[in-house]
1. Using each residue's phi in segment 239-247, evaluate 6.51 cos²θ - 1.76 cosθ + 1.60 at θ = phi - 60° and report the 3J(HN,Hα) Karplus result to the nearest Hz, with x for Gly and Pro.
2. Where in segment 39-78 does the label zone of Ala16 land, with the point 7 angstrom along Cα→C-beta and an amide N cut-off under 15 Å?
3. If packing is taken as the average count of other Cβ atoms within 10 Å, what order do 238-247, 202-211, 184-193, 85-94 fall into, highest mean first?
4. If I model a spin label at Glu198 and Glu131 as a point 7 Å from the Cα along the Cα→Cβ vector, what separation in nanometres do I get?
5. Divide, for segment 169-227, the radius of gyration over alpha carbons by 2.2 N^0.38 Å, where N is the residue count.
6. Looking at the square roots a ≥ b ≥ c of the eigenvalues of the Cα gyration tensor of segment 1-133, which shape do they give, rounded for a/c under 1.5, prolate if a/b is larger than b/c, or oblate?
7. Tell me, what % of the accessible area of segment 16-61 is carbon and sulfur with a 1.4 angstrom probe?
8. Full-extension gain between Ala54 and Glu224, please, as 0.36 nm times their residue separation minus the C-alpha to C-alpha distance.
Amino acid sequence: MTRLRYVYAVCRPFAAALQSQLSGVAGDPPRLLAHRGLVAVVSHVPEADFSEEALRAHLEDLDWLSGTARAHQQVVDALTAVTTPLPLRLATVFRDDSGVRTMMEERGDGFRSTLDRLAGRVEWGVKVYVEQEREPAGAGAAPASRPASGRDYLRRRRMRNRADEERWSRAEECATRLHDALSARADAARLHAPQNPELSGAAGRNVLNAAYLVPRETCEEFVETVDALKGGTTPGIRVELTGPWAAYSFAGEENGGRDAPEGKIPAGKDSAGNDPGGNGRPGNGPGEQGPAGTGAEGRDPRGSGPAGSGPGGGGPGGRRGGREDAGGPGGPGGGTAGGPGGGPTRPGEAP
């Protein structure tokens, strides 16, 4: 059986051991492939499942995509615990080790530059939601009376709309204060488009969807700041913190957030050149795969059900919340992402 090389991430050499019994995609444990001061984290996968034709078929199989994305993210999470990885997109595969080394040779300068910029930093995600106003509950709650007239109906509708607008305005003010305070405690911040609740499955309307690049040594203070600010929010506004993650949202950012030069990934894209989708993350459901070797962009197959990391410990050493990650598959024979960052979105969130 022919086996291809599946690449999870590129990083600098590191001495710490990965988790024991760590299993990668297709059940094969990851190994390190070194080349000129860089390391690609790879494992073997069967060509029967990861050839171009097979991947096209698997794009229609959400269970397969979810399992593959989960295994991919587990390896990236294990790397993040011991080093600074630059994740590649979901299903980036090569014919053999030589193909992986060629990729690292061609994109080595960009990889090194990005790894130097992100060294010692992780990403935290923060979302703010406006929750729907709950109807009074309980036996004592009186049922709403029917409008006495058309004028009464319009009056009630205006009152509801006014209440919704006031609640939305309060949430935007809260989100602005929160973002300003957290940005001051981060090395960089990135705002992403609000998530679509129909795709993400999250309750409420997403007001803030942001990512923050935080030095590892100040993660505890960052988390404490979020917790303190959450305590000051008004009823009906929910704040969610996820992380720490590999720095998906910042892997392609160059020149202080200006447009990246040719060959670089523009700011606001994930390391694969994909929009991380609400940071995803940075995903929009499965998309088309390009020809073998192109690594053409796809979409995050996981929507908002974290295919990667489940709930965690909550501190800088644990994981808060879940995440949807990984961009679309790359073609076999050299399908890395389109720039020095190369890879999936924050195993991408639904838009």
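1. 10, 10, 10, 10, x, x, 10, 4, 7
2. Answer for segment 39-78: 75-78.
3. 85-94, 238-247, 202-211, 184-193
4. Using points 7 Å along Cα→Cβ, the separation is 2.5 nm.
5. Its radius of gyration relative to the 2.2 N^0.38 Å reference: 1.22.
6. Taking the square roots of the gyration eigenvalues as a ≥ b ≥ c, segment 1-133 is oblate.
7. The computed percentage sits at 48.
8. Difference between extended and current length: 56.6 nm.
The values are calculated or read from the model by the stated rules, or taken from the named source; none is laboratory data. No experiment lies behind these values; they were computed from the predicted model shown. Backbone-built Cβ (ideal geometry, glycine too); neighbour counts: all protein chains shown. When the accessible area is computed, the model is the full protein with side chains, heavy atoms only, and any ligands, DNA or RNA have been set aside. Shrake-Rupley method; radii C 1.70, N 1.55, O 1.52, S 1.80 Å.
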